[in-house]
Every structure is written in C-alpha cells, then in structure tokens.
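What follows is a single structure, written as structure tokens, with notes after it.
The values are calculated or read from the model by the stated rules, or taken from the named source; none is laboratory data. For clarity, every value in this text was computed on a predicted model and none was experimentally measured. Reconstructed Cβ throughout: ideal geometry from the backbone, glycine too, with neighbour counts over all protein chains shown.
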Amino acid sequence: MARVRKEKRNRLRSKFRFSIFNDTSHEELFVFRANGLMMLVSLALAVIFIIGSVTLLISFTPLREFIPGYPNAFTRRAIVQNAIKADSLEHTIRMWDFHLNNIQRIVSGLEPLQPENLTSAATPGDTSLKATFSQSVSREDSLLREEVIRQEKFNLGSGNRRIEQIEGLHFFPPVKGVISNGFNIATNHPFIDIAAPANAVVSAVLDGTVVLAAWTEETGFTIQIQHQNDLISIYKHNSKLLKKSGDRVSAGMAIGLAGNTGTLSSGYHLHFELWHKGVPVDPTQYIKF
C-alpha cells in the first residue's frame, strides 16, 4: 500500500513535455513542459474557462433563444402585451363595478361616489373604504327591495301606471338626424340608430344623473343617465363626452358629440337606448325624431 502511494506521488512530481513538430523538417514548433500536478491544474483551469465562456456566450448573445423552452423575442413581446391587456381588463372591470355601485346608490336616494373614491379604494392595503361601501350598498339595496315588495304586494294596477309614467313625460330628442335602424326585439336590436352628422350635439332626453361616462372598445365613448320613474337612457359611439359620472343634467343639455367610435360602429350615428324598470322600450313611441 505504501509503495502504491509512493508511486502516485512520483507520477505527480514527474515532469512531462508536450511538443508539436513539423512532419517534414522535424522542427519543434511548440513545447509545453509541466509536472503531473501542474498538468492537472492546467486541465481544471481549461475546463473552468470553457464552461465560463459558454455560459457568458449563451447569457449575452441571441444563442440563448435556441435553448429548448427559452422564450424568443416574439414570445416575450406577447407576454408583455398580454400583461398590458390583463391590466386594462382589470381596470375596466373595476370601472363597471364602480358604475354599478353608483347606480345602486342613486336608486337608493344617495349621492353617487366620485371617481377619486375608486382610486383610493384600489390602493393596496387600504380596503376599509371599499368594504364599508359594499356593506352600505348591500344593506340599502335589501331595504329598497323590501320596500318595493311591500308597496307592490297587493298592487294589481302597477302595470298601467308603469306605462303612464313614461307617456306622461316630455322627452327631448337626443340628436337631430334620421333613424337608420329601428327598434326590433325579434332581431335582437332593442335600440335605435340615428344617422347624424359628425360632431352633432347629443342631448339628454330627460333630467337625471350621469352614472356612466367612459370608453369601451366596442361602443367607443358611451354615456348613461339615470332618470326618475326608473328610466335609463344610453348614448353610444360618441366622438366626445361633455359630462362625467356623477354630473346632474337637465333635458336638452348637451352631453356629448355624435361620432363613429368603437369597433361596432360603421358610420357617424348615435346608438340610443331607453330602458324602463330593466326592460328596453321603443324610444320612437315617446320621442318625436
């Protein structure tokens, strides 16, 4: 055993020479002399150098895109775009939730919240306003439902008064123009389209409160107004909005300019909807265009 160990130590201490000769002239072109230990150290350093060089080459050059599973430039761009779209959708959902809560507050006789409250409620770690508001809306909504049920429990003539509530009102035409597509429930068209010049003034049909004033990809600039008698009017595809959520408007007041915004629009016109108690009604029955 001791002899074997001694032979190994001798091999490490032995000197070796690595030479390169010209095959024709036998001239020595390159020579490398080292003992066994030095050769092992040199080999280890060479391996480390190769591994380091390959790592740097892959990390800082386009060669890394050839590694299976590593995203290329197109994939990384798609990831960023998807993240932006997801953030936009999240913001749109928050806005719709905010406007829905405002509608519930208006129906309950409360003042609508301002858009600044939405920003403060969305701040991470600050959920007190949002929780308080949700509890308040839920409690007031339940009380409102109970009151409506109590009043209409034995009311057999509510249907007639519903029609009278609409027919007794004086509606202001929303825009000057010609109806290009009429109201038709059977064809899934519970609204009317009014062809109008670009930037024609869009007016509120009744007194009310703006509960929605926003942009959507399909309908462009859209504004929605809550009126008395459970009436809601909606105006879509505007080129510009002149009112914001929470504003009080009166009949005939300018609220926007007719346009051609949104992917569902094919020309300058106003998409107009009139809803009563959650049911679409034909505006031409009550408004003279």
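Show the residue pairs that are 6+ apart or on different chains and have beta-carbon atoms under 8 Å apart, the first residue being within the stretch 235-253 and part of a loop (DSSP other than H, G, I, E, B) and surrounded by fewer than 21 Cβ atoms within 10 Å (Cβ to Cβ), the second being of a type in the set (S, T, N, Q) and at pLDDT 95 or above.
Cβ pairs passing all conditions: GLY246/THR209; ASP247/THR209; ALA251/SER203; GLY252/SER203; MET253/SER203.
Which of the residues belonging to the stretch 174-190 are among the hydrophobic types (A, V, I, L, M, F, W, C) and either under 25 Å from the mean Cα position of the chain (by Cα) or surrounded by 19 or more Cβ atoms within 10 Å (Cβ to Cβ) (or both)?
Across the stretch 174-190, the qualifying residues are VAL175, PHE183.
Condition first: in a loop (DSSP other than H, G, I, E, B), of a type outside the set (Ser, Thr, Tyr) and either under 23 Å from the mean Cα position of the chain (by Cα) or surrounded by 20 or more Cβ atoms within 10 Å (Cβ to Cβ) (or both). Now tell me which residues in the stretch 209-234 satisfy that. Lay out the reasoning, then the answer.
So in the stretch 209-234, the residues in a loop (DSSP other than H, G, I, E, B) come out as 217-219, 228-230.
From what's left, of a type outside the set (Ser, Thr, Tyr): 217-218, 228-230.
GLU217, GLU218 - these are the residues of the stretch 209-234 that are in a loop (DSSP other than H, G, I, E, B), of a type outside the set (Ser, Thr, Tyr) and either under 23 Å from the mean Cα position of the chain (by Cα) or surrounded by 20 or more Cβ atoms within 10 Å (Cβ to Cβ) (or both).
Given the criteria closer than 21 Å to LEU113 by Cβ, modelled with pLDDT of 95 or more and of a type outside the set (A, V, I, L, M), does THR222 qualify? Even if it seems obvious, please write down each step before you answer.
Working: closer than 21 Å to LEU113 by Cβ: yes; modelled with pLDDT of 95 or more: yes; of a type outside the set (A, V, I, L, M): yes.
Spelling it out, THR222 is indeed closer than 21 Å to LEU113 by Cβ, modelled with pLDDT of 95 or more and of a type outside the set (A, V, I, L, M).
Within the stretch 254-280, which residues are of a type in the set (A, V, I, L, M), buried (at least 18 other Cβ atoms within 10 Å of the Cβ) and under 23 Å from ALA186 (Cα atoms)? Please lay out each step first, then the result.
Taking the stretch 254-280 and keeping what is of a type in the set (A, V, I, L, M), we get 254-255, 257-258, 264, 270, 274, 279.
Keeping just the survivors that are buried (at least 18 other Cβ atoms within 10 Å of the Cβ) gives 255, 257-258, 270, 274.
Scanning the stretch 254-280 gives LEU270, LEU274.
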